[in-house]
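The values are calculated or read from the model by the stated rules, or taken from the named source; none is laboratory data. Note that this is a predicted model, so its numbers are computed, not measured. A quick note on method: Cβ atoms are made from the backbone with ideal geometry, for glycine too, and the neighbour counts reach across all protein chains shown. For accessibility, only protein heavy atoms count, side chains too; no ligands or nucleic acids. Shrake-Rupley method; radii C 1.70, N 1.55, O 1.52, S 1.80 Å.
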Amino acid sequence: MRSDMDQDLKRRAKKVLPDGVYGHESTKLLPESYPQFFSRAKGAYLWDADGNKYLDLMCAYGPNLLGYGDERVDAAALAQSKLGDAMTGPAPVMVELAETMVGMVAHADWAMFCKNGTDATTMAKTIARAQTGKRIILVATGAYHGAMPWCTPLPAGVIPEDRAHIQHYDYNSVESLEAAVSAAGDDLAAIFATPFKHDAFTDQAALDLDYARRARALCDQTGAMLIVDDVRAGFRLTRDCSWELVGVRPDLSTWGKSFANGYPISALLGSDRARDGAASIYATGSFWFAAVPMAAAIETLRILRDTEYLEHMIGLGDYLRAGLHQAAHDNGFGLRQTGPVQMPLFLFEDDPDFRVGFAWSEAMLKRGVYVHPWHNMFLCDAMTQSDMDLAIAAASAAFQEVRERYSSLQPHALLAQMFSARAAE
Ligand SMILES: Cc1ncc(COP(=O)(O)O)c(C=O)c1O
């Protein structure tokens with residue numbers, strides 16, 4: 001595998017980007033051999049800057065839902081781009097998209113559009129406060145809701161005032177949620193919850209029904225807004241808000257990543273209960289009204305309604321999970337596969353510093369399969385059973401390779417540093 005171009009780009013990037021690539025797409029916390037730059041993507045596959053091809057189980061951290069460069073979505077986007085994109089006012093597609101989303105998502109009576117998931121979650125927080133006139137926002141410990149000072153996972157540059165009135169509870173714990181609500185007294189504006197527990201570095205966990213129902217009841221009792229953050233899992237669990245699966249309807253839900261199959265748009269959906277608050281705030285952005293991503297979203301959502309994309313991904317996910325389980329077992333590894341099969345996370349037993357996971361991921365990469373050692377992954381509709389066979393065959397060989405190298409594996413230096421800093425906090 002050649003990696004000259006990637007190395008060269010990394011060197012150049014260090015000079016003109018602060019410490020190289022930043023944020024979730026930085027490879028600083030990934031195994032050494034992971035490429036940082038990709039020159040193209042199509043369907044379920046990615047090519048790095050050196051031309052190496054990978055089956056991509058990260059799907060751009062979510063945006064790739066139907067397959068990279070889906071021709072139906074691209075055609076809709078191209079047709080709109082010939083008419084106009086960022087203009088002095090929105091195009092008719094804005095109303096059509098709002099109608100489409102309100103029609104698909106049961107709790108929603110209205111929609112607002114923005115660019116990134118963080119825009120939507122931050123706006124949800126502001127609307128909850130505007131609607132209720134209260135200040136406290138409850139967030140589950142360890143949950144990711146974006147990269148603004150109120151929610152970013154790294155403390156640099158954040159002052160306590162940025163997080164004033166953000167308080168925490170343990171996801172899925174009725175007791176902890178009740179205690180946090182009670183501590184908020186009569187100042188509770190909102191409870192944030194993810195569709196299931198999909199925090200990094202730890203096993204994923206299914207949504208506990210009692211917790212979801214209690215969150216709804218507590219919001220009803222206090223007048224607070226219930227916010228489901230569907231930015232990551234939206235339309236990967238169901239064709240509605242993810243909590244619709246358990247019959248619990250939030251007041252606000254946040255969306256991003258995948259509903260325009262990679263075109264830049266996110267959304268905040270709300271019920272009439274939050275309409276006045278939403279109407280009262282000032283929220284906008286130069287590109288929030290751009291028409292091309294909206295046209296892409298309308299076509300993506302049509303495909304989601306008209307095809308078996310979800311059932312297809314679940315079928316593939318079941319197949320992959322069973323195949324990997326067998327391959328791990330045959331090679332004497334305890335591989336914990338958690339989360340919905342179409343959004344899997346792989347962690348190894350007895351691997352507290354992730355050295356086995358890192359080595360296995362690198363061995364997968366060498367065999368043309370891009371997996372992540374500590375973040376959940378994503379399947380997409382463009383994947384096929386032969387792609388899953390490729391991943392399972394690569395996994396078998398990767399398990400063997402790691403078994404042979406087991407005694408010489410080393411922890412990742414930066415990750416170890418991060419963990420020890422966290423433990424010292
Ligand atoms: C659950 C959740 N909320 C919010 C965000 C923030 O989205 P974005 O990175 O588009 O700002 C993410 C991103 O991964 C997410 O997973």
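Worth a mention:
- Here A140, A128, A108, A147 are screened, and the one residue that is within 11 Å of the ligand (Cβ to nearest atom) and either among the β-branched types (V, I, T) or open to solvent by less than 10 Å² (accessible area, probe 1.4 Å) (or both) is A140.
- Residue match in the stretch 196-207 (condition: open to solvent by less than 10 Å² (accessible area, probe 1.4 Å), more than 13 Å from the ligand (Cβ to nearest atom) and in contact (Cβ under 8 Å) with a residue 24 or more places away in the chain): no
- Residues of the stretch 7-29 satisfying the condition of being under 23 Å from L57 (Cα atoms) and either within 16 Å of the ligand (Cβ to nearest atom) or touching a Lys or Arg at 6+ places or on another chain (Cβ under 8 Å) (or both): V21, Y22, G23, H24, E25, S26, L29
- The set of residues in the stretch 226-269 that are within 11 Å of the ligand (Cβ to nearest atom), free of Cβ contacts under 8 Å to residues at least 40 places away in the same chain and farther than 9 Å from H107 by Cβ comprises D230, G234.
- Highlighted here are the strands (runs of 3 or more DSSP E) found entirely within the stretch 19-137 that include at least 3 residues which are in contact (Cβ under 8 Å) with a residue 24 or more places away in the chain: 53-56, 110-114.
- Taken as a whole, the stretch 162-176 holds at least one residue that is open to solvent by 50 Å² or more (accessible area, probe 1.4 Å), on the phi > 0 side of the Ramachandran plot and assigned to a loop (DSSP other than H, G, I, E, B).
- In the stretch 241-298, the residues that are in a loop (DSSP other than H, G, I, E, B) and either outside the structural domain of A106 (by TED's automatic domain parsing) or crowded, with 24+ Cβ neighbours inside 10 Å (or both): C241, P250, D251, G256, K257, S258, F259, A260, N261, G262, I265, A290
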